[in-house]
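Note sheet for the following structure.
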Amino acid sequence: MTRILSLVLVLLSSIAAAQTLPSSEGDLALTPVVQGLEFPWAFGFLPDGQIIITERGGRIYLADPATGARTELPGGPEAKVAGQGGLLDVLVPRDFAASRELFFTYSKEQERWRGAGTALARAELSPEGDRLTGLRDLYVIAAGSTGGRHFGSRILEGEDGSLYFTVGDRGDRPSAQDLERENGSVLRVNRDGSIPEDNPFVGQGAAKGAIWSYGHRNAQGAAWGLDGALWTVEHGARGGDEVNRVEPGRRNYGWPIISYGVHYIGTKIGEGAAKPGLEQPNFYWDPSIAPSGMMVYSGKLWPAWRGHIFVGSLKFSMISRLEGTEQLTEA
């Protein structure tokens, strides 16, 4: 295996003014745009350049990047805020200018299971841009967990308009291998929340038809490659964070049967690092960096980086650049 990771820049959790930071490509200027947020979780750009921002505590803001001013938007999902749960991702679809729709994931309380599970919802931004209307759940996982861990979640829009979103194992490791539950999976639904007929597990007994891939621990990043491939990044335990190219088909990404990490107490996870029939990651970290968001670079400023994967690290407050995606690589 080849170590091919480049550290690009270090980000600070609280920045009061413009700063210059070192990177592998020289010094970078970092300028704060919106400040004073509490546990910001996700953001998306509207066609006019304004930014939709979610906070884990449940607040949604519309921010002006030119001035830094922000407006809180009522009408969003009522998330169960506990542990890692709360209001999670936001997606601005390609047709936002016409539809005004926004999509959210959040942790939804489930009375039957005395806990919470990840839910996908939609709402519309009012013409005045001061509130959300028409809130409706599109898909709610059937059985979450009473724990406060591993909700995922990241949303992507497919070329056909379908919605992909990641769900963590909710701290219930075996559930990531149970096709009758959505935990530990990438899910794919139509824009109205119905299940596409060409999903790989449709018609497969009691398997949940929304499952696109399974055997994931807690994917909090997802992005489309330049070739249209779906990429995810997920947290390992003690080591074993993974970047996976999620291929179509009935793919099992191994958790908790295989992992390149170990349990937090240092003991072996499952059956080791590999097993026939289980997918291998394209990259893994050991020790863990606690990965979060990810993107695939498609810009013109650094043409040599086109197609490279950028991953944020919660543990080290850095952004990592990954290249060489055709083989298993220790990052």
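The values are calculated or read from the model by the stated rules, or taken from the named source; none is laboratory data. Fair warning: this is a prediction, and the values are worked out from it, not measured in the lab. Every residue, glycine among them, receives a Cβ derived from its backbone with ideal geometry; neighbour counts consider all protein chains shown.
Could you list, in sequence order, the residues of segment 103-134 that are out of contact with any Lys or Arg (no Cβ under 7 Å at 6 or more places or on another chain), within 17 Å of Ser162 (Cα to Cα) and hydrophobic (A, V, I, L, M, F, W, C)?
Within segment 103-134, Phe104, Leu120, Ala123 qualify.
Looking at (1) farther than 30 Å from Ser194 by Cβ; (2) crowded, with 21+ Cβ neighbours inside 10 Å; (3) of a type in the set (D, E, K, R), which is the one condition that is false for Lys108?
Against the list (1) farther than 30 Å from Ser194 by Cβ; (2) crowded, with 21+ Cβ neighbours inside 10 Å; (3) of a type in the set (D, E, K, R), Lys108 comes up short only on (1).
Answer yes or no as to whether Arg94 is out of contact with any helix residue (DSSP H, G or I) (no Cβ under 8 Å at 6 or more places or on another chain), among the charged types (D, E, K, R) and either crowded, with 24+ Cβ neighbours inside 10 Å or under 20 Å from Gly221 (Cα atoms) (or both).
yes
Scan segment 44-77 for residues that are part of a loop (DSSP other than H, G, I, E, B), out of contact with any Pro (no Cβ under 9 Å at 6 or more places or on another chain) and touching a residue at least 24 places away in the same chain (Cβ under 8 Å) and jot them down.
Leu46, Pro47, Gly57, Arg59, Pro65, Leu73, Pro74, Gly75, Gly76, Pro77, listed by residue number.
With Thr133, Thr118 as the choices, which residue is under 16 Å from Ser213 (Cβ atoms) and outside any loop (DSSP other than H, G, I, E, B)?
Result: Thr118 is the single residue among Thr133, Thr118 that is under 16 Å from Ser213 (Cβ atoms) and outside any loop (DSSP other than H, G, I, E, B).
Return yes when Arg188 is in contact with a strand residue (DSSP E or B) (Cβ under 8 Å, 6 or more places away or on another chain) and buried (at least 18 other Cβ atoms within 10 Å of the Cβ) and no when it is not.
Yes, satisfied.
From (1) under 23 Å from Val90 (Cβ atoms); (2) part of a strand (DSSP E or B); (3) not hydroxyl-bearing (Ser, Thr, Tyr), pick out the condition that doesn't hold for Gly228.
(2)
State which residue is farthest from Gly129 (Cα to Cα) when the search covers only segment 14-69 and only residues that are in contact with a Leu (Cβ under 8 Å, 6 or more places away or on another chain) and β-branched (Val, Ile, Thr).
Thr20
Restricting to segment 252-306, and then to whatever is among the β-branched types (Val, Ile, Thr) and outside any loop (DSSP other than H, G, I, E, B), can you tell me which residue is surrounded by the fewest Cβ atoms within 10 Å (Cβ to Cβ)?
If we take residues in segment 252-306 being among the β-branched types (Val, Ile, Thr) and outside any loop (DSSP other than H, G, I, E, B), then Val262 is surrounded by the fewest Cβ atoms within 10 Å (Cβ to Cβ).
For segment 192-204, does any single residue satisfy the condition of being within 22 Å of Tyr106 (Cα to Cα), of a type in the set (D, E, K, R), out of contact with any Asp or Glu (no Cβ under 8 Å at 6 or more places or on another chain) and touching a residue at least 12 places away in the same chain (Cβ under 8 Å)?
Yes: segment 192-204 contains one or more residues that are within 22 Å of Tyr106 (Cα to Cα), of a type in the set (D, E, K, R), out of contact with any Asp or Glu (no Cβ under 8 Å at 6 or more places or on another chain) and touching a residue at least 12 places away in the same chain (Cβ under 8 Å).
For Arg321, work out the one condition from (1) at pLDDT 95 or above; (2) surrounded by 20 or more Cβ atoms within 10 Å (Cβ to Cβ) it doesn't fulfil.
Result: Arg321 fails condition (1) only.
So how many residues does segment 198-227 have that are in contact with a Gly (Cβ under 9 Å, 6 or more places away or on another chain), more than 18 Å from Ile141 (Cβ to Cβ) and surrounded by fewer than 16 Cβ atoms within 10 Å (Cβ to Cβ)?
Result for segment 198-227: 4.
Mind checking which residues of segment 279-314 are without any contact (Cβ under 8 Å) to a residue 24 or more places away in the chain and farther than 20 Å from Gln220 by Cα?
The answer is Gly299, Lys300, Leu301, Pro303, Ala304, Trp305.
Suppose the filter is in contact with a Gly (Cβ under 6 Å, 6 or more places away or on another chain) and under 26 Å from Gln84 (Cβ atoms); does Ile257 pass it?
yes
Ser99 fails exactly one of the following numbered conditions: (1) more than 17 Å from Ala42 (Cα to Cα); (2) in contact with a Ser or Thr (Cβ under 9 Å, 6 or more places away or on another chain); (3) of a type in the set (Ser, Thr, Tyr). What is the number of that condition?
(2)
Got at least one residue in segment 200-215 being basic (Lys, Arg) and not in a loop (DSSP other than H, G, I, E, B)?
There is no residue in segment 200-215 that is basic (Lys, Arg) and not in a loop (DSSP other than H, G, I, E, B).
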